[in-house]
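The values are calculated or read from the model by the stated rules, or taken from the named source; none is laboratory data. What you are looking at is a predicted structure, and each value in this text was computed from that prediction instead of being measured. Neighbour counts run over all protein chains shown; Cβ positions are idealised from the backbone, glycine included. Accessible surface is based on the protein model in full, side chains and every heavy atom, while ligands, DNA and RNA are left aside. Shrake-Rupley method; radii C 1.70, N 1.55, O 1.52, S 1.80 Å.
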Amino acid sequence: MIRCPRLFRRTLSGVALALAICALPAVSPALDIIAPIQLPVFSLRIPSVPLNESVIRIPMTVSRTGGVQRLTLEATLYRPPGPGPFPLVVLSHGTSRDPRERVGERLRYDAQSWKFVSMGFAVVIPMRRGYGHSQGNYAEDEGLCDHSHFYAAGLESARDLRATVEYVSALPGIDPQRLVLAGHSSGGFASLILASQGLPGVRGVINFAGGRGSSERQNCSPDKLVEACGLAGRTTRVPTLWVYAQNDSYFPPPLAREMSAAFRRAGGQVEFVLLPPFCEEGHYLFSDVRGLARWTPVVNRFLNDHGFPGTMPRP
């Protein structure tokens, strides 16, 4: 299970307090790590665009042995000013190791979303089944630790993301032909699985520290995780960006490299970026607002390279 720290719950008004400098330890020259970014001691600029936040309910139908279940998912939608049509980022959350932390709170990723909204994207953040105030039971069970079925868990996550894409891309002001799937941890893994299904309109995937099966000591079934990435790579035909930090203890660089290599060998397009160590735990590079300056240039360039002009604001 993937832990989501409380730091990402801060609002934009509190970003300044969280942008403390993280010391960068010495980096081995043997690793292909992007050069450390000089972080300023000042806060982020005041947002140049409003987030225009709204909370929506996404309809979803799930077929089960006992019949068809109709339910709704809770989601946050941010939109730039104006009528659009806007390209859409579907931003997917991770999974806490503690089941009690999955329910009851809507994850907003407001500071992270502001980066995309400032580039002209609409952003939707769905709470998958079993999370927040979404209906339906948690559907991403991975099985026993030594014999985990990560691919099946990813397929369940992808169902929720597909329902989100189908509903939101049909809303007024959204361009259904310019979609980007992005996610952190299990949400990054889910985004890769959905992209492998050939969903129309998807132009690329941004995988922040994606994976499944982390435990307090090591990954439950690393071979199964690598195998699942290979399966996803077979049918993925859009470019993917994989962003990890050197000190990610959930999915350390050797494992992350194996995952991306399996995806690439199977036919997937991979750009793998390993960033320098981030604060106390590199797995939180995306969800901790102190990581905004680290990943912004990498993601901005990837989006520019694949047909999305514009510049993300920087501190």
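Assorted remarks:
- The range 163-315, accessible area per residue, ligands and nucleic acids excluded (1.4 Å, Å²): 33
- Neighbour-limited loop hits for GluC sites (Glu not before Pro), the range 133-231 (at most 12 other Cβ within 10 Å; DSSP other than H, G, I, E, B): 216
- Where 283, 133, 147, 306 fall by accessible area, highest first, once all protein chains stay in place (1.4 Å): 147, 133, 306, 283
- For residue 132, the amide hydrogen comes within under 5 Å of the amide hydrogens of 103, 104, 105, counting only partners 5 or more places away or on other chains and with H modelled in the peptide plane.
- Heavy atoms of residue 63: accessible area, 1.4 Å probe, square angstrom to 10: 80
- Note on the range 186-304: along the principal axes its Cα atoms extend 37, 35, 19 Å, ordered by decreasing extent.
- What a 1.4 Å probe finds exposed on the range 233-315 is 52% carbon and sulfur by accessible area, rounded to a whole percent.
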